[in-house]
There are 2 protein chains.
Amino acid sequence: TDCLGLVPRIVDELSKLNEDPRVRGVYLHLAPALLTGRVISTLAPEKDVDGRFRAGEPRVFCPGIEHLCGPTGVSSEGQTVVLVGADGAVKVALRCLMERRGVVTLNGHKSSESLQEQVCVCVCVCVPYPDSSVPPALTPSPDPYSAVLCVPLSPWSSSDIQISRAQTPKSVQQLAQEIGLLPGELEPYGRNKAKVRLSLLERLQAQPDGNLVLVAGITPTPLGEGKSTVTIGLVQALSAHLKLNSFACLRQPSQGPTFGVKGGAAGGGYAQVIPMEEFNLHLTGDIHAITAANNLVAAAIDARMLHEATQSDKALFNRLVPSVNGVRKFSPIQISRLRRLGLSTTEPASLTAEEVRAFVRLDLDPSKLTWQRVVDTNDRFLRKITVGQASTEKGHSRETGFDIAVASEIMAILALADGLGDMRVRLARMVVGTSRSGQPITAEDLGVSGALAVLMKDAIKPTLMQTLEGTPVFVHAGPFANIAHGNSSVLADKLALKLVGRDGFVVTEAGFGADIGMEKFFSIKCRASGLRPSAVVLVATVRALKMHGGGPNVSAGSPLPREYIDENLSLVTGGCHSNLRKQIEIAHLFGVPVVVALNVFKTDTAAEIALVCRLALECGARAAVPCHHWALGGRGSVELARAVKEASAAPSHFQFLYETEMPIVEKIRTIAQKVYGADDIALSPQAEAEIQTYEQQGYRSLPICMAKTHLSLSHMPDKKGAPTGFTLPIRTVRASIGAGFIYPLVGTMSTMPGLPTRPCFYDIDLDPVTEEITGLF
Amino acid sequence: TDCLGLVPRIVDELSKLNEDPRVRGVYLHLAPALLTGRVISTLAPEKDVDGRFRAGEPRVFCPGIEHLCGPTGVSSEGQTVVLVGADGAVKVALRCLMERRGVVTLNGHKSSESLQEQVCVCVCVCVPYPDSSVPPALTPSPDPYSAVLCVPLSPWSSSDIQISRAQTPKSVQQLAQEIGLLPGELEPYGRNKAKVRLSLLERLQAQPDGNLVLVAGITPTPLGEGKSTVTIGLVQALSAHLKLNSFACLRQPSQGPTFGVKGGAAGGGYAQVIPMEEFNLHLTGDIHAITAANNLVAAAIDARMLHEATQSDKALFNRLVPSVNGVRKFSPIQISRLRRLGLSTTEPASLTAEEVRAFVRLDLDPSKLTWQRVVDTNDRFLRKITVGQASTEKGHSRETGFDIAVASEIMAILALADGLGDMRVRLARMVVGTSRSGQPITAEDLGVSGALAVLMKDAIKPTLMQTLEGTPVFVHAGPFANIAHGNSSVLADKLALKLVGRDGFVVTEAGFGADIGMEKFFSIKCRASGLRPSAVVLVATVRALKMHGGGPNVSAGSPLPREYIDENLSLVTGGCHSNLRKQIEIAHLFGVPVVVALNVFKTDTAAEIALVCRLALECGARAAVPCHHWALGGRGSVELARAVKEASAAPSHFQFLYETEMPIVEKIRTIAQKVYGADDIALSPQAEAEIQTYEQQGYRSLPICMAKTHLSLSHMPDKKGAPTGFTLPIRTVRASIGAGFIYPLVGTMSTMPGLPTRPCFYDIDLDPVTEEITGLF
């Protein structure tokens, strides 16, 4: 019986469906108690698809999805369901439906008390997998369109998290099996993600590498131009549609912006990593591990300075090398410090007073500490702080600050390390400051590097997830793209290249515009990994091209000016001839062929799209294709996938832009002139002095990691297109010795974002019954 | 062939084994290439146990483990192995050995280049499981003694991590199956731990609860008296030896002390949670989630104060309730704020200017903010800091500080919440400060409570691990025992009570001495959970009893005075008649029977042990037994397990110490007089004013969570025994409204530990090849 009083509401909803011209058919599946005469008679006969269904009529429910039905037509096993009930209950029922690929009755759902709440209606199409042909090793999930499409009736548009949730990911064990992992090589973290053991690399040593494809972009607007969605759409097209093994390697996003302005970073539309909430929150804890490791170094620095300031050499020595059962012994990490001091002894008693002093006193110069603390939160009040103001710290207060966790040097190390041993070495040589006598002081000097490696021992394993179409993704590392190199990890790329095999593709993404992310990918990451890309995909949008062609200012939060909504071929031409041409030229400096991927927005006209593709070829691109992955998933990127496959097959002539043995200044000048188009560089006196110090300390041969705005090829964010006739100012020069690069700062780089007046978190919540998250996008 | 030149080293090691009187037998299992005539002839015939083994001679290898062989004797399947090779390689071989329960050859290990390093020798005994009788639902792992015992030859003592590593834990899936979980109720995090879904509670709703046993302690020395090891030894005895279903519920330790002074917290010796390194590091990320949630609140507070200080009411309103496609709408969390302001509208345009002002301005009083940031690192320099000193924060700097993460109110909430919905409600009502007009401002007012619930949605699921003997453990929550209640979670207790069933036992531990941890367990946790304990295990040591009986000062880092090493019955008597008697009386205030567990140290004499047991009975304990779990595992706690079983069967008369409706002052006085033995309390004027404020704000009926030293029943850490004739001073009174208690501070509580001159991290490292951790203890 209708004890919950649902019938009147169902009748009400059905009346609306009758009148809604977009709804062209409804199939009722309700508990028998609810299928009353009144309900059955309410539904208009022309909307009752149950009969029509079997007669083979197209299952079309709303405009805009007609093209999704595909050539195979309707299977007799197809089921269409109207779910009626409370919002939460419908979601639960939907999940059951998707898992069983059958029909569900609402009265079978136990949290029926929630049916008392607001009634909502969902229309779902559920059909069997389209066909069983699968690529050699990877099995794509059924195309989300043909598998199950969930269209909330109101509003007719779906948010990213709704699309993500409408697809049931295969279990990570199944995914792992499909890509050829052994069970012992997988460490699942829940149902949908797993860490992959590095022993895999050793097992597949003899396997030839696949093709490495880099996704970069033209200089973006502040709104972003969709590199992540292109990356995901491309692997979906390669795997699920061209039946080629492929892997996407993505960065783990910082949690800070998820709750601030930006929202999630798992892609969007029908080109996403799922479940997107797991991608965006905590993941497998790598950034938390980095935060813990980074802050342990910071605590060790301040505590050590306090202890050195308040204890005699003898007291320090007695505590650092305590007598245990009458025996004093150096620990291995202390012996390592003795070696750096030039002392070969291992016998504590043999040290002279002077040697004891040199051993126990790091003598850090408080004004030359470079190590900052980190949090993975947008907390602007931590940008500049004074620590040590409690009376227990005896007046040893000092100014310092917090960065966002992804800006930690340890994140850059995670991205560049090629194994546990290499990571341990890099962590040990991180320089945290300088002694009063000018010596660099390292994490190893602090005695903390072993503990850092222990904290990071799981973080070094890449995390396996999947796209909306069930193709594999590694999520690993996410170094800040301005003060670090902004690329995902060397290890993820290496593992993926082995897994896809000779004919497969690994698509990896570089942050910011190609002048920054791609240049650093080639100069820093390729140098560290020894890997060479076979093609670059350069992402462009009509919007960004119009901006570079002279269009008005674009900014987040303001409505887009008309020029960006109406057709304007002249602005598009200007953008192609300036920024797009220059970015293609930059890729050619490295000898790598370029495929331009035009990320199509619904406001782009056919003429604009055709123009971009024609001009891109004129500017030297090997191919230029429009992409519709956001709306169509992999199907919308098939043309791009074909172009990438063709470009990768061509012979490659990769070369570095500069030799590392060049003087630091010359390396910076080379990048400024050849990549950015500057006339020259101008070093501040401070920068000159810093460079001199690094060269004296033996760091001359490190590559350069420029810290420059991504909003212009120059250092001036408002100079769009391809600026010339400027001198690039170098304000100051810093070094990440553990990661292994020198980073000159062009202007001021904020390493700690803030929260706006109304942060994203106002909309983020979860349903305590279904545990589903709302408001992430 | 011996390409690595191992034979001379093996010969060298065998010569040492020949001469070592402690080694009574060696079985050689080496790769054929290494079993040269020289090797075979080197081993002294009387040490060659291979033949003797089969003849049934006792397999005894070193003194101190003779009693471990048990009555079953030696099985013919028993295998003894000498592993010879580099340290890392031996460890890997050992793991293989344990997993296969067979023999391994070293040359089968692929990282053979590491054999070039230092040679080490391990002796292992590997025998099949003793017998196959298992308790109804839980299958204990094979007793670690009979399963595999790994004794590094030098030193002859083993560290906790060596013991932990010598046992191969069963997979968490197997453990889950043994305790009756369905596969869908488990979310594995790697091989050895998993989160358990709360839906389990619903499924087992009809199942009767088992017996709840609380482990508390007498007032401890600063060295700790072993409550965790007693807890683990007790469940090992109950499950693996008495064949009764049992569960231990433990707190997750802070990572800060792991790298500071204290080391790990997984128990010790043969009463441990394994793998102890996973227990101590990251676990399943709950503390990281708390840190993220706590610091999001902090960032939201400071950003909001800045935005309110720099924007008009209108600008704030336009940003907080923006027009999207021409429509302004309040989000649900904003409607919730409107309701608290007494406004029933949901229409933004209908607000008067005054109402807009009330809505947009939280008007937080900077001098009355109580929310602190947290890190899970011992970072003393963050105790008191000034934030907001960057020019971007426009001069809005203020003093604040960081606590250790486990001191966050969100940790206390995690421990007390009984479901996702309850946690969401508690997070929302957390008070972060007071407005200038005196109104409490909550996380819900900041709009952040939904995001907090999202960050905490996985943390709310308890983590399943196992003891060294394979019995199940929930690790969940670890609120600071001084400013919070210091008990593990209500949800872990509830889930465990269902899983063990009517005749089973759940053993849960309360922090600090019984006057603090146990009192809070009864007054706060039992009130929140509705659960009632059937018995209290009160842990005592001869060492602590001697201290209470008038022994000299005991402090960490100093050698123990002679009184604590030599027999001293008079000091023991003094301790029993003072502190032990008083702590038993406290438990009796609540009507719960007490079993005294004497945690035996190797220096304790038989007379001392007998005396404690006799006097404990005289003081009212229902039973008093010595425990040897540290040395013997569950086998050493069988007598305790029997006593606990018997005490739990007796009728229980649980009662609360105070009614929550009493005035706050009266509740504090009741605890001070009845529990601590004070004559009265003395409130500072500040404390009186604070209490008055809380009563006005409607928080009168919350229970009390005293923040007092754990080193004395009084507020004076040096007053041992059972002090009387003192007045308890209440300096200030704070409130955790989300967690749901008022906490009066008796003296100053440090909520951020520091690092010593030589922190633990000096010894912590990992082997990059085997990934094994050293130096955790």
Some residue of the stretch A:240-255 being free of Cβ contacts under 8 Å to residues at least 40 places away in the same chain and open to solvent by 10 Å² or more (accessible area, probe 1.4 Å): no
Leading residue by the ranking (surrounded by the fewest Cβ atoms within 10 Å (Cβ to Cβ)) among those in the stretch A:762-777 that are facing chain B (nearest Cβ under 9 Å) and closer than 18 Å to A:GLY256 by Cβ: A:ASP763
Residue match in the stretch B:523-545 (condition: surrounded by fewer than 24 Cβ atoms within 10 Å (Cβ to Cβ), under 17 Å from the mean Cα position of the chain (by Cα) and not aliphatic (A, V, I, L, M)): no
Segments classed as helices (runs of 4 or more DSSP H), wholly inside the stretch B:213-308, with at least 3 members that are under 30 Å from B:HIS577 (Cα atoms) and touching a Phe, Trp or Tyr at 6+ places or on another chain (Cβ under 8 Å): B:227-236
Close pairs (9 angstrom Cβ cut-off, 6 or more residues apart or separate chains): at pLDDT 95 or above in the stretch A:508-524, among the acidic types (Asp, Glu) anywhere: A:THR508/A:ASP493; A:GLY517/A:GLU509
Residue within the stretch B:746-756 that is of a type in the set (Val, Ile, Thr) and not in a loop (DSSP other than H, G, I, E, B) present: no
Residue within the stretch A:313-327 that is open to solvent by less than 30 Å² (accessible area, probe 1.4 Å), assigned to a helix (DSSP H, G or I) and closer than 30 Å to A:PHE480 by Cβ present: no
Selection from the stretch A:501-522 of residues that are more than 22 Å from A:SER714 (Cα to Cα) and surrounded by fewer than 24 Cβ atoms within 10 Å (Cβ to Cβ): A:GLY501, A:ARG502, A:ASP503
Any hit, the stretch A:337-351, residues being closer than 28 Å to A:ARG197 by Cβ and at pLDDT 95 or above: no
Residues satisfying the stated conditions in the stretch B:333-367, i.e. free of Cβ contacts under 8 Å to residues at least 12 places away in the same chain and open to solvent by 90 Å² or more (accessible area, probe 1.4 Å): B:ARG339, B:SER344, B:GLU347, B:GLU354, B:SER367
Lone unmet requirement of (1) part of a strand (DSSP E or B); (2) over 18 Å from A:MET716 (Cα atoms); (3) open to solvent by 20 Å² or more (accessible area, probe 1.4 Å) for A:VAL733: (3)
Counted residues, the stretch B:288-314 - those being free of Cβ contacts under 8 Å to residues at least 40 places away in the same chain and touching a strand residue (DSSP E or B) at 6+ places or on another chain (Cβ under 9 Å): 1
Lone unmet requirement of (1) surrounded by fewer than 24 Cβ atoms within 10 Å (Cβ to Cβ); (2) within 12 Å of another protein chain (Cβ to nearest Cβ); (3) over 19 Å from A:VAL196 (Cα atoms) for A:ALA293: (1)
Selected residue (only one of B:ILE460, B:ILE413 is of a type in the set (Val, Ile, Thr), within 11 Å of chain A (Cβ to nearest Cβ) and under 27 Å from B:LEU499 (Cα atoms)): B:ILE460
Complete set of residues in the stretch B:260-284 that are farther than 18 Å from B:GLY224 by Cα and over 11 Å from the mean Cα position of the chain (by Cα): B:ILE274, B:PRO275, B:MET276, B:GLU277, B:GLU278, B:LEU281, B:HIS282, B:LEU283, B:THR284
Boolean, A:GLY233 is small (Gly, Ala, Ser), facing another protein chain (nearest Cβ under 10 Å) and open to solvent by less than 30 Å² (accessible area, probe 1.4 Å): no
Qualifying residue in the stretch B:332-341 (condition: away from chain A (no Cβ under 11 Å) and basic (Lys, Arg)): yes
Given (1) assigned to a loop (DSSP other than H, G, I, E, B); (2) at pLDDT 95 or above, number of the condition A:HIS710 does not satisfy: (2)
Residues (over 19 Å from B:GLU278 (Cβ atoms), part of a helix (DSSP H, G or I) and of a type in the set (D, E, K, R)) located in the stretch B:163-212: B:GLU178, B:GLU185, B:GLU202, B:ARG203
Conditions (1) more than 27 Å from the chain's Cα centre (by Cα); (2) more than 12 Å from B:VAL612 (Cα to Cα); number of the one not met by B:VAL572: (2)
In the stretch A:459-507, the residues that are among the charged types (D, E, K, R) and closer than 18 Å to A:ARG251 by Cβ: A:LYS461, A:ASP493, A:LYS494
Filtered residues of the stretch A:741-761 (kept if under 30 Å from B:GLY421 (Cα atoms) and either more than 7 Å from chain B (Cβ to nearest Cβ) or surrounded by 23 or more Cβ atoms within 10 Å (Cβ to Cβ) (or both)): A:LEU755, A:PRO756, A:PRO759, A:CYS760, A:PHE761
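The values are calculated or read from the model by the stated rules, or taken from the named source; none is laboratory data. This structure is a prediction, so every number in the text was calculated from the model and none was measured. Virtual Cβ from ideal backbone geometry, glycine too; neighbours counted across all protein chains shown. Accessible surface is based on the protein model in full, side chains and every heavy atom, while ligands, DNA and RNA are left aside. Shrake-Rupley method; radii C 1.70, N 1.55, O 1.52, S 1.80 Å.
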